[in-house]
Amino acid sequence: MNPSSSLPVADTLPRVLLVHADVLWLMNTGRELREHGLLVTECSVFDHAIDWLGEIHADCAVIDGTMSAGNGFELCRRLRADPRASELPILMLTRLDSGESAELSKEAGASEFCAHDIDSQVLIHRIRQMLWTALLERSVGRTQSRAQIQATQVSGRFVWTSTSGTLSVEPNLRGLLELPHELAHIELDALLQRLNGRDRRRIRSHMGRLLEGGPSVQTEFELRSSLSGYRSLRLSVEQVMALEQGGYEVRGVLLDVTPSAGAQTRLYRLTHYDTLTGLPNRAWLFEQLKSSRHKQVSGVGLAVLNIDRFNEVAQAFGADIRDRLVIEVAHRLRRLARASRPQWGASARIASVAYLGGDDFALLLEDASDLKDAEMACRHVVDVIAEPLKFEDREFFLKTSVGVHVGDIRTEDAADWIAHAELARRLSASAGGNRVISFSPSMSEEAAERLTLERDLRYAIARKELSIYLQPKLDALHGELVGFEGLMRWQRHGKMQAPSRFIALAEESGLIDRLGEWAIDQACAALARLSQTRHKDCTISVNLSARQLHDGRLPRIIADALERHSVAANRLEVELTESALMENPDQALEELTAIRALGVGLAIDDFGTGHSSLAYLTRLPLTALKIDRSFVQDVATVDSARIVATAIIGLAENLSLSVIAEGVETEAQRDALIWLGCDIHQGFLYGRAVPLDEAIAQFAEPAARATVDQGHLWPQS
């Protein structure tokens, strides 16, 4: 059954309530959901969601679990407490796609949860699944209780060996198949003779294609019974394994779906299998890790893999190619699961393959002698996925990031297993991808600390833990203060945090927009204070992330801050790193042009360390270049550093840009830079970054004038 094509016809289309703090996400996602036949109401304010509930009579809700303006999990709890939403299907979006998320979502009353950055097509699929599940559950409730349905249901596992042709069944299937109590095996041909001709031919055809590497079998058939006429059975093949002595072993489940069991079977299929790939999903994987069978199997491991740069392929070539890539990867993984072990030189074998949505898959490993054995099998998976894919006139090469966890399934929680493997997979991706990384306990400690740090950073502004420190910029030739660079500082639990750590975390977690907006406001407030001193003409530069150049809001944010604090625009300068600007130069050009139109200065920080195009450099409306400290450090002693500094200074002069040297720490560096033609300096030689009041007090008197012997050409031998 395909939920996307079989939703029930009603007087109105399904109504979805989207609650998300990101207005741009709401606009884009809402548009795509409407294009797929859903009525969407978008809500970006926490408190308004409850009000919308009574207005639109939603059929389901999607909630951002990381909402900044109120907690998404708290909203879910409030919805559940409202009689109008006590049974409302709710999908929770969260960045904690792990056991912790499952617990938080369950405690809040969410129906399901998934990763915050879920692909829109997958989100549509999950919404339709929720709608179908709710419909079927209501249908079940109108006829008989779920407990009654499950009590009348018979299911059990079987193992079929192609060489012997015999079917081994669990005890609870013997009665269904009308076998003697003591008989645990039956010839497959004998069983097929009890099917009608059409079903018999269909089952034989399915099994033949299965052994040739075809898709997993999911089908229903009727079995002739001497007691009840006919019984409807559901056949689900879960695993096909090549035997070393030849032939195949097929494992699966037979489920009695005779009348009352039908709705429950469809419900299980919808909630435990993916319609695109035919593979079992995360819910199925979770159940397998908890099952008693796997607690009796030795050497169990779990690998979670992600297709690197998959979203770029999807954006470039569209949804059709994306789906075909997913299907092809699923097909390759199925073939590996059915192959004999020696091909990758390890004892570990792939027992099951699951599709976790988007570009994520999972492999359930068995017979892994140790962690290295499991890693060897996974490296073979990486090699197989890397083989070229050809669709029509296009050829694709995919890379894969894999995280592996091997442990004692009898003592570890299933949710922890998935979380550990996914954590290792994220580290594999962040390390460049196309590699296998195994989980270690230290990763959990680092991840826990990272989550705690991110949580505290979210509240840092409200708790007034952030501050702007000012580091002076001087005209070294004349000894005059010309401005400051505003540097963000975070005092957490009484201890100053390293900016390199929390700024990177802010970029990855999406908090950088809020921090950047706060920094601009604080810089303008500091300029207003400086206007009341003798430094009223000084400038302040603020470091921003290129991630803030994505939605066109930055020019308005800067304009509002300047107006709010009554500061002249030419006293504010925005700094962005060279490499960040080159990530999307066309988008950067548009927004930087709007910022420059305000009168605000624009500088490239760390110039010389990136890989910028001079063609783009000449198009950007810049006012200054900053020589990176790595060149300044050796400018007085190393010829290559001096040559680079000379080139940057010459480039700035030809483009009519000012040039600033950062990281000046010695008099020799100062003299060398002045001799090369760079007079504006910044560094410990002139002063460290200090709070605003200290900066004003420190530069109350004129700075000492630099002295350079102009009678000699520097450097002297």
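The values are calculated or read from the model by the stated rules, or taken from the named source; none is laboratory data. The structure displayed is predicted, hence computed values, not measured ones. Note that each Cβ is placed from the backbone with ideal geometry, even for glycine, and that neighbours are counted across all protein chains shown.
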Being in contact with a Ser or Thr (Cβ under 7 Å, 6 or more places away or on another chain) and part of a helix (DSSP H, G or I) is the filter; apply it to the stretch 557-578 and report the residue that is surrounded by the most Cβ atoms within 10 Å (Cβ to Cβ).
Arg571
Going through (1) closer than 24 Å to Ala661 by Cα; (2) crowded, with 20+ Cβ neighbours inside 10 Å; (3) of a type outside the set (S, T, N, Q) one by one, Pro499 fails only at (2)
Return a yes/no flag: does the stretch 400-409 have any residue that is in contact with a Phe, Trp or Tyr (Cβ under 8 Å, 6 or more places away or on another chain) and not assigned by TED's automatic domain parsing to the domain that holds Ser298.
no
Which of (1) over 28 Å from Gly165 (Cα atoms); (2) modelled with pLDDT of 80 or more; (3) surrounded by fewer than 20 Cβ atoms within 10 Å (Cβ to Cβ) does Ala319 not meet, given it meets every other one?
(2)
For the stretch 530-556, what are the residues that are more than 26 Å from the chain's Cα centre (by Cα), under 20 Å from Leu487 (Cα atoms), in contact (Cβ under 8 Å) with a residue 60 or more places away in the chain and outside any helix (DSSP H, G or I)?
His535, Thr539, Ile540, Ser541
Residues being without any contact (Cβ under 8 Å) to a residue 24 or more places away in the chain and β-branched (Val, Ile, Thr): count how many of those fall in the stretch 159-173.
1
Hey, among Ser531, Ser541, Ser509, which residue is assigned by TED's automatic domain parsing to the domain that holds His681, within 22 Å of Gly65 (Cα to Cα) and of a type in the set (S, T, N, Q)?
Ser509
In the stretch 663-678, which residues are surrounded by fewer than 22 Cβ atoms within 10 Å (Cβ to Cβ) and either under 23 Å from Leu617 (Cα atoms) or free of Cβ contacts under 8 Å to residues at least 12 places away in the same chain (or both)?
Leu676, Gly677
Hey, among the residues in the stretch 579-604 that are charged (D, E, K, R) and modelled with pLDDT under 90, which one's surrounded by the fewest Cβ atoms within 10 Å (Cβ to Cβ)?
Asp586
Would you check if Glu312 is modelled with pLDDT of 80 or more and either on the phi > 0 side of the Ramachandran plot or not β-branched (Val, Ile, Thr) (or both)?
no
Quick one: is Gln491 surrounded by fewer than 18 Cβ atoms within 10 Å (Cβ to Cβ), assigned to a strand (DSSP E or B) and at pLDDT 85 or above?
yes
Can you tell me which residues in the stretch 359-388 are in contact with a Phe, Trp or Tyr (Cβ under 7 Å, 6 or more places away or on another chain) and either buried (at least 23 other Cβ atoms within 10 Å of the Cβ) or of a type in the set (Asp, Glu) (or both)?
Asp359, Phe361, Ala377
Can you find a residue that is touching a Pro at 6+ places or on another chain (Cβ under 8 Å), loosely packed, with under 15 Cβ neighbours inside 10 Å, at pLDDT 75 or above and not in a loop (DSSP other than H, G, I, E, B) anywhere in the stretch 225-248?
no
Selected residue (only one of Asp22, Asp47 is touching a residue at least 40 places away in the same chain (Cβ under 8 Å), closer than 26 Å to Leu511 by Cα and assigned by TED's automatic domain parsing to the domain that holds Ala115):
Asp22
Which one of these does Glu665 not meet: (1) at pLDDT below 90; (2) within 25 Å of His535 (Cα to Cα)?
(1)
Just one listed residue, out of Ala652, Ala636, Ala668, is among the hydrophobic types (A, V, I, L, M, F, W, C), over 17 Å from Glu485 (Cβ atoms) and assigned to a loop (DSSP other than H, G, I, E, B), and it is Ala636
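Residue by residue, here is whether (1) surrounded by 20 or more Cβ atoms within 10 Å (Cβ to Cβ); (2) at pLDDT below 85; (3) not hydroxyl-bearing (Ser, Thr, Tyr) holds:
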{"site": "Ser44", "(1), (2), (3)": "no, yes, no"}
{"site": "Ala49", "(1), (2), (3)": "yes, yes, yes"}
{"site": "His57", "(1), (2), (3)": "no, yes, yes"}
{"site": "Cys60", "(1), (2), (3)": "yes, no, yes"}
{"site": "Gly65", "(1), (2), (3)": "yes, yes, yes"}
{"site": "Gly70", "(1), (2), (3)": "no, yes, yes"}
{"site": "Cys76", "(1), (2), (3)": "yes, no, yes"}
{"site": "Ala81", "(1), (2), (3)": "no, yes, yes"}
{"site": "Arg84", "(1), (2), (3)": "no, yes, yes"}
Yes or no: Gly483 surrounded by 17 or more Cβ atoms within 10 Å (Cβ to Cβ), modelled with pLDDT of 85 or more and outside any helix (DSSP H, G or I)?
yes
Set Ala661, Ala647, Ala636: member being hydrophobic (A, V, I, L, M, F, W, C) and out of contact with any helix residue (DSSP H, G or I) (no Cβ under 6 Å at 6 or more places or on another chain):
Ala647
Based on what the data block shows, is Ile409 β-branched (Val, Ile, Thr) and either part of a loop (DSSP other than H, G, I, E, B) or closer than 28 Å to Asp370 by Cβ (or both)?
yes
Those residues that are closer than 14 Å to Ile327 by Cα and in a strand (DSSP E or B), I need them from the stretch 384-395; list them, please.
Leu389, Lys390, Phe391
Quick check on my filter: what residues within the stretch 19-57 are touching a Ser or Thr at 6+ places or on another chain (Cβ under 7 Å) and under 16 Å from Leu79 (Cβ atoms)?
His20, Trp52, Ile56
